[in-house]
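> Below is a structure I'd like to ask you about.
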Amino acid sequence: MIQLQVSLAHETGPTSYLRRVFDRLHQERGYSVQATFQGWDVLWKELVNTAIYRRGADLSETGSTWIAALVAMNALRPFARHEIDQLGGPSAFLPSAWQNVSLVDDPQVWAIPFMADARVIYYWRDMLQQAGLDPRTAFLSPEQCEETCARLQRVVATPWVDMTDPNRHDILYHAASWIWAKGGDFLSLDGKQVLVGEPAARAGLRSYFGLHRFMPRTGQPLDNMHAIDLFFDRQAAALMSGPWLFINLKERGLSPEHLAQIGIALPPGPPFVGGTYLIVWQHTRHPGEAIELIRRLTRPQFQAEFCPVAGLLPVSQEAWATDVFVSDQNYKTLYQAMKSGRSLLNIPLWGMVEDKLTLAFGEICADLIAQPDQDIDAVLAKHLDASVDRLNMALAQ
């Protein structure tokens, strides 16, 4: 009997939904699915080992920013046109999720969207109301974000909170909206030049890091859990996060009354859209079975049931038309984020670029934590200029 080996990134609750799909495949098609579930902290190492040794999973889940590196290792099986048609074609998926399936200057499809992640601003409705702010306009531009935080400071000690952990790439994903709002970008369209040193991108970073003066003076970096703690305890009025925040807050015991006080707003520029993708390994001997499983995991009904439990968003266009998403105002805002959002450019060396920029952004945060009132332009130049020069030399080779 055929056994399809699958490596996925989910460790707890959502696995019951996946098991039902696997059991149905066994009943209807006669082959079994052997799934392993890994945390994100170890999944990349497993993917690299699979790529190097050409054994293990037939099908894996991966992050959006990892695809290009795996393609560069010549480890992935490309998707044929007829296989994409079996999945409904590109039009079955949200365009912002489909952006990552190919590389720059390479039309070949290497991955299929599974679930999406859009970074948005969460806020306490009553705090904005006390400050006389309209949530529809409070975060429309970098300048409006600054004005909103200044007015919130009159009603709450901490108007804004965001993670500053130098080990997390979320700093880069959150800053992206401010960079894009000012017309800047991380890379040139051909992927050959880093642009965060250019005036437009630098203006966006100046606005983003300028919000640090509205954050708590902890004297040390904030990790994700600490930032959420401050928001949960109503010590902070607004923060950046992904669609999983409501699940996290419910698990912490936030009452329905307090949950109803939380609103979602789009960031000042296009939201960063990432997520997870399904890849088929070149060494698989069961490509047909892998495509069939992907088809079932991207069906609208499954996506509509599974994604809210997983804390991520559907990539299926049709799934967004179901009642659970149409009737919820917060999901309506998240859908707007998916429609207007952007992904990061998919180049083989993006992993290196992301690591170096995340390190530089973390150093900027550390400097501002130590001396919150120093000149931001000087801090940006100190930590970005040399990094940008080194990255540009690497990309030019």
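> Quickly run through segment 36-56 and pick out the residues that are within 17 Å of H10 (Cα to Cα) and open to solvent by less than 10 Å² (accessible area, probe 1.4 Å). Please lay out each step first, then the result.
As a first pass, look at segment 36-56 and keep what is within 17 Å of H10 (Cα to Cα): 36-47.
Residues satisfying the conditions are G39, L43, L47.
> Additional query: Where in segment 242-327 are there helices (runs of 4 or more DSSP H), lying fully within it, with 3 or more residues that are open to solvent by less than 10 Å² (accessible area, probe 1.4 Å)? Step through it out loud before you land on a result.
Details: elements: 245-251, 256-259, 287-297, 300-310, 323-326.
Those helices (runs of 4 or more DSSP H) span 287-297, 300-310.
> Which residue, of W350, W320, is more than 17 Å from P113 (Cβ to Cβ) and of a type in the set (F, W, Y)?
None of the other options fit; the residue is W350.
> Which of the residues belonging to segment 1-19 are part of a helix (DSSP H, G or I) and surrounded by 12 or more Cβ atoms within 10 Å (Cβ to Cβ)? Step through it out loud before you land on a result.
Quick first cut of segment 1-19, residues part of a helix (DSSP H, G or I) only: 15-19.
If the condition is that a residue be part of a helix (DSSP H, G or I) and surrounded by 12 or more Cβ atoms within 10 Å (Cβ to Cβ), then T15, Y17, L18, R19 are the ones that fit.
> Could you tell me which of the residues L43, L25 is outside any loop (DSSP other than H, G, I, E, B) and in contact (Cβ under 8 Å) with a residue 60 or more places away in the chain?
Numbers: L43 fails: in contact (Cβ under 8 Å) with a residue 60 or more places away in the chain.
The conditions single out L25.
> Given the options R119, R151, name the one that is within 22 Å of the chain's Cα centre (by Cα) and modelled with pLDDT of 95 or more.
Details: R151 fails: within 22 Å of the chain's Cα centre (by Cα).
Testing whether each residue is within 22 Å of the chain's Cα centre (by Cα) and modelled with pLDDT of 95 or more leaves just R119.
> Based on this model, can you work out whether D165 counts as closer than 18 Å to R119 by Cα, in contact (Cβ under 8 Å) with a residue 60 or more places away in the chain, surrounded by fewer than 18 Cβ atoms within 10 Å (Cβ to Cβ) and not β-branched (V, I, T)? Write out each step before concluding.
Working: closer than 18 Å to R119 by Cα: yes; in contact (Cβ under 8 Å) with a residue 60 or more places away in the chain: yes; surrounded by fewer than 18 Cβ atoms within 10 Å (Cβ to Cβ): no; not β-branched (V, I, T): yes.
So D165 does not fit the description; no.
> Looking at (1) within 30 Å of D106 (Cβ to Cβ); (2) in contact with a helix residue (DSSP H, G or I) (Cβ under 7 Å, 6 or more places away or on another chain); (3) exposed (fewer than 13 other Cβ atoms within 10 Å of the Cβ), which is the one condition that is false for Q397?
Here Q397 clears every test but (2).
> Now for a separate question. Where the second residue is in a helix (DSSP H, G or I) and open to solvent by less than 70 Å² (accessible area, probe 1.4 Å) and the first is at pLDDT 95 or above and among the polar types (S, T, N, Q) and lies in segment 321-350, which pairs have Cβ atoms under 6 Å and are six or more apart or on separate chains?
none
> Would you check if S64 is touching a residue at least 60 places away in the same chain (Cβ under 8 Å) and within 24 Å of the chain's Cα centre (by Cα)? Full working, then the answer.
Values: touching a residue at least 60 places away in the same chain (Cβ under 8 Å): yes; within 24 Å of the chain's Cα centre (by Cα): yes.
Considered against the rule, which asks whether it is touching a residue at least 60 places away in the same chain (Cβ under 8 Å) and within 24 Å of the chain's Cα centre (by Cα), S64 comes out as yes.
> Report, ordered by the first and then the second residue, all pairs with beta carbons closer than 7 Å, sequence separation of six or more or different chains, a first member in segment 353-381 that is of a type outside the set (S, T, Y), and a second member that is open to solvent by 80 Å² or more (accessible area, probe 1.4 Å).
Note: pairs meeting the criteria are I369/Q220; P372/R213; P372/R217; I376/R206; D377/R206; L380/R206.
> Restricting to segment 328-349, and then to whatever is part of a loop (DSSP other than H, G, I, E, B) and of a type outside the set (D, E, K, R), can you tell me which residue is nearest to Y122 (Cα to Cα)? First the steps, then the outcome.
Within segment 328-349, the subset part of a loop (DSSP other than H, G, I, E, B) is 328, 341, 343-349.
Okay, now just the ones that are also of a type outside the set (D, E, K, R), so 341, 343-349.
On the way: G341: 16, S343: 20, L344: 22, L345: 26, N346: 28, I347: 31, P348: 33, L349: 32 Å.
In this case the residue turns out to be G341.
The values are calculated or read from the model by the stated rules, or taken from the named source; none is laboratory data. The structure displayed is predicted, hence computed values, not measured ones. Cβ coordinates were reconstructed from backbone atoms using ideal geometry, including for glycine residues, and neighbour counts include every protein chain displayed. When the accessible area is computed, the model is the full protein with side chains, heavy atoms only, and any ligands, DNA or RNA have been set aside. Shrake-Rupley method; radii C 1.70, N 1.55, O 1.52, S 1.80 Å.
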